Every structure is written in structure tokens, then in C-alpha cells.
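Take a look at the structure set out below.
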Amino acid sequence: MSGTAQDFHKLGKESATKKYRGILLKAKAQNEDIDKKHQAELRKYSILDQMELFDVMAQKGVSYLNIKEEKERLEEELHLAEEKWSAIKVPHVDWYKMGESWMAKP
């Protein structure tokens, strides 16, 4: 095995660069999936809040729009939003198993 210290240093540097580039890509993908799931969850709760508002409006007798039709439309939209939300899977990256406990979120 022949090689200079500079050669070994270069190999180690390249290996470390490759390793941490992979860690960065995993963390980026995980954060993107978390953001997608969060956006879908916000949409779901927005629809639920709108439905609750229509319930209050119906109880108070507001009749300038057809609350029943609008609520049915929102229920369909909510069903689609819940399906979208549940379909988004966020991968679990076990940073401890990978020996990178410093990447684990508290």
C-alpha cells in the first residue's frame, strides 16, 4: 500500500464530502415531505373551520347564500383534503443508527 499522506487526506476528504452530501439530501427530502404534509393539514383544518362557520351561520339564520349546498361542497373538499393528507408519507430517518445523532430533531 503506497501513497502519500496527501493522497490519504484527499481520499478521506472525498469520503467525508460524499457522506455529508448524502446526509444533507436525506434531511432535505425529509423536510420537503414534512412541509407537504403540513400544507395539506392546514388545508384540511381551513375547510373544517369554514364548515364550522357555516354551522354558526345556519344557527343564526343567515340566508343570503345557500348554506346547505356550500356545506356539502366543503364536505366533499374536506374528504379530498383528508385523502391527500393521509397519502403523504414522511420517511423516518434514524439519525442515531446512522451515527449522526447531532442531526436528530429534539
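The values are calculated or read from the model by the stated rules, or taken from the named source; none is laboratory data. Worth saying up front: this structure is predicted, and the values here are computed from it rather than measured. Note that we place each Cβ from the backbone using ideal geometry, even for glycine, and neighbour counts take in every protein chain shown.
General remarks:
- Any hit, segment 75-88, residues being modelled with pLDDT under 90, part of a loop (DSSP other than H, G, I, E, B), closer than 27 Å to Glu100 by Cβ and not charged (D, E, K, R): yes
- Flag for Tyr64 being modelled with pLDDT of 80 or more, over 13 Å from the mean Cα position of the chain (by Cα) and among the aromatic types (Phe, Trp, Tyr): no
- Taking every residue in segment 75-102 that is over 27 Å from Leu42 (Cα atoms) and charged (D, E, K, R) and pairing it with any residue that is in a helix (DSSP H, G or I) and at pLDDT 80 or above, at least 6 positions away or on another chain, the pairs with Cβ-Cβ distances below 7 Å are Glu100/Ile23.
- Note on segment 34-82: residues that are loosely packed, with under 14 Cβ neighbours inside 10 Å, within 23 Å of His92 (Cα to Cα) and not aliphatic (A, V, I, L, M) amount to 3.
- Beta carbons closer than 9 Å, at least 6 apart along the sequence or on distinct chains, pair a first residue in segment 1-24 that is at pLDDT below 70 with a second that is part of a helix (DSSP H, G or I) and of a type outside the set (Ser, Thr, Tyr) for Gly3/Leu11.
- Qualifying position, being farther than 30 Å from Lys105 by Cα and either touching a helix residue (DSSP H, G or I) at 6+ places or on another chain (Cβ under 7 Å) or of a type in the set (Lys, Arg) (or both), among Lys26, Lys10, Lys84: Lys10
- Test for Arg43: is it more than 19 Å from the chain's Cα centre (by Cα), of a type in the set (Lys, Arg) and part of a helix (DSSP H, G or I): no
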